[in-house]
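Every read-out reported here was derived from the displayed coordinates using simple, explicitly stated rules and does not represent laboratory data. Model, not experiment: these values are computed from the prediction. Neighbour counts are summed over all protein chains in view; Cβ atoms, including those assigned to glycine, are modelled from backbone coordinates with ideal geometry.
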Amino acid sequence: MPIVEYDPKLFADVSEMVSQIPGPMNLAHRPFVDYYYATRESCKLYLYYSDSGKVIGALGRELVRFEYNSREVTLRIGSNWYSLQPGVGGKLSQHSLQSNPGSTALMFFREQGHARHPPSPQVDFYAGDTRLLPEQPVQRVCRRSALADDRQGSGAARGTKENLKFAGHIPAHVSAEVTVREEFSFETDLLPKRSPFRFEWRRTPNI
């Protein structure tokens with residue numbers, strides 16, 4: 001029962017497995033599967049084949065680099081974890097672990113079918129530094145932000161105006177240690193050697 005990495009030539013095998021699982025699945029959408037799992041090393045889809053040559057399980061994995069206490073850590077994020085036979089899911093998980101040494105597993109669950117893992121209430125949704133409340137749809141918040149930027153000329157000007165509002169609260173001894181210099185290019189030496197955040201997405205000069 002080999003486990004292989006997805007290749008566009010194997011989509012028909014994936015489709016046959018998908019047809020046996022109730023409910024909508026993004027694995028049924030070939031443009032998504034081919035692009036997400038077959039165009040980069042960071043994203044792979046592992047397929048579990050039975051002795052008869054049928055796909056009876058799948059597990060997607062994405063490697064994302066973060067920093068913890070200014071040291072790099074790689075998270076192995078799981079997706080599209082399905083199996084048609086007991087034990088297949090565990091073997092796929094073990095294969096993902098062995099194929100990506102040094103990474104830490106992370107899986108988001110939701111309640112669907114037999115997998116009863118409700119979403120965490122501690123995870124909120126944010127957009128443009130504006131917390132969305134249930135009565136504030138995404139479109140309304142984004143539209144209001146865009147109009148405010150347009151009335152004030154630009155987002156940068158708006159941000160400067162907002163920051164000046166709090167300048168008086170900064171202690172004098174702190175202000176004396178702060179200097180402002182305009183930069184015209186983004187170089188690696190602009191990044192702090194040690195991050196003020198304990199855990200964050202890994203910063204690169206290309207972002």
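Modelled this way, with points 7 Å down the Cα-to-C-beta line, the labels at VAL178 and LEU106 are 3.0 nm from one another. Modelled spin-label separation between GLN20 and HIS169, with each label point placed 7 Å from Cα along the Cα-to-Cβ direction: 6.0 nm.
Remark: spin-label model distance ARG30-LEU190 equals 4.4 nm, labels positioned 7 Å along the Cα→Cβ axis. Note that the range 48-56 has calculated 3J(HN,Hα) couplings of 9, 9, 7, 4, 8, x, 9, 6, 10 Hz, one per residue in order, obtained from phi through the Karplus relation 6.51 cos²θ - 1.76 cosθ + 1.60 (θ = phi - 60°); glycine and proline are x. Dividing the convex hull volume of the alpha-carbon atoms in the range 3-107 by its residue count gives 104 Å³ per residue. The packing ranking, built from the mean of other Cβ atoms within 10 Å per residue, places the peptides 20-27, 57-64 in the order 57-64, 20-27, highest first.
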